[in-house]
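Enquirer: I am attaching a structure below and will ask some questions about it afterwards.
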Amino acid sequence: MPSSGRPVPTWDELLGSAQRSAIHLEMRDSYAVDKEKGPFADWRAGVRLDPDDRASWWRPWHSLIAATVARGVAVRRARVVSEPVSEYIRFEHSGTFKNLLAGEQVRWLPRRLASEIALPGNDFWLIDGTLVRWNHFTGEGHSGGGEISENPAAAKLCATAFEEVWDRAIPHDTYKIR
């Protein structure tokens, strides 16, 4: 059964339900963003955020992650990326300090090192090893919506894949963009 039929919870509800762990696997080299305005356009124009100027970049998402971590939940994110990396991945990498300051642990895995890992077909969040939130995307990288699964086999696939990626991946502070 691919889905529990449950409505997709908000991010506050999803991360608020986590008791021990919230893991996130990202596998796309690009996600749809406005290239003409907004943070990606600013970055493309040479704007770089100052980690010390928290007021300029801190968002509700960072507060949610910080509150989740403060409750004792381990929040880990792994990104599987092609090398040389895409422009979008360069942008993500430059802003990952925000995730780290909010309390996430982040690692990067060059795609060539993931060939022998059985990966799910979609990005996901796995909450406490049992609840999967699939993140669906269109071919252009726009959100195709989320889906919840409580299927034990799906949760096991996600947990196993994530741990294999995590074990091979490079911590953010030592990953060098190629």
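Just so you know, all these numbers are worked out from the coordinates, no wet-lab data involved. Remember, predicted model here, so these are calculated numbers, not experimental data. Heads up, the Cβs are rebuilt from the backbone with ideal geometry, glycines too, and the neighbour counts pull from every protein chain shown.
Enquirer: In units of 2.2 N^0.38 Å, what is the alpha-carbon radius of gyration of the range 1-119? Walk me through the numbers before you get to the answer.
Expert: Values: Rg = 16.0 Å, N = 119, 2.2 N^0.38 = 13.5 Å.
Ratio of Rg to 2.2 N^0.38 Å for the range 1-119: 1.18.
Enquirer: In whole Hz, what ³J(HN,Hα) sequence does the range 75-85 give by Karplus (6.51, -1.76, 1.60; θ = phi - 60°), x for Gly and Pro?
Expert: For the range 75-85, the Karplus curve yields 10, 10, 10, 10, 10, 8, 10, 6, 10, x, 6 Hz.
Enquirer: Assuming a ≥ b ≥ c are the square roots of the Cα gyration tensor eigenvalues, decide whether the range 88-178 counts as rounded (a/c under 1.5), prolate (otherwise, with a/b larger than b/c) or oblate.
Expert: Numbers: a/c = 1.57, a/b = 1.37, b/c = 1.14.
Prolate shape, in that a/c is at least 1.5 and a/b is the bigger ratio.
Enquirer: When the helices in the chain are scored as -39500 (n - 2.57) per DSSP H run of 4 or longer and the sum is shared across all residues, what 222 nm value do you end up with, to the nearest 500 deg cm²/dmol?
Expert: Value at 222 nm, helices only: -10000 deg cm²/dmol.
Enquirer: Using a 7 Å offset from Cα along Cα-Cβ at residue 20, what residues in the range 49-81 end up with backbone N under 13 Å from the label point?
Expert: 73-74
Enquirer: For residue 166 and residue 136 in the same chain, what is the full-extension length gain: residue separation times 0.36 nm, less their Cα-Cα distance, in nm? It would help to have the intermediate numbers written out before the result.
Expert: Details: separation 30, 0.36 × 30 = 10.80 nm, distance 2.16 nm.
Between residue 166 and residue 136, full extension yields 8.6 nm more.
Enquirer: Roughly how far apart, in whole Å, are the Cα centres of the range 40-55 and the range 139-162?
Expert: 31 Å
Enquirer: Pairs of alpha-carbon atoms within less than 8 angstrom and 6+ residues apart define the contacts here; what relative contact order does the range 63-177 have, in percent?
Expert: Values: 153 pairs, mean separation 31.8, N = 115.
Here the relative contact order equals 28 percent.
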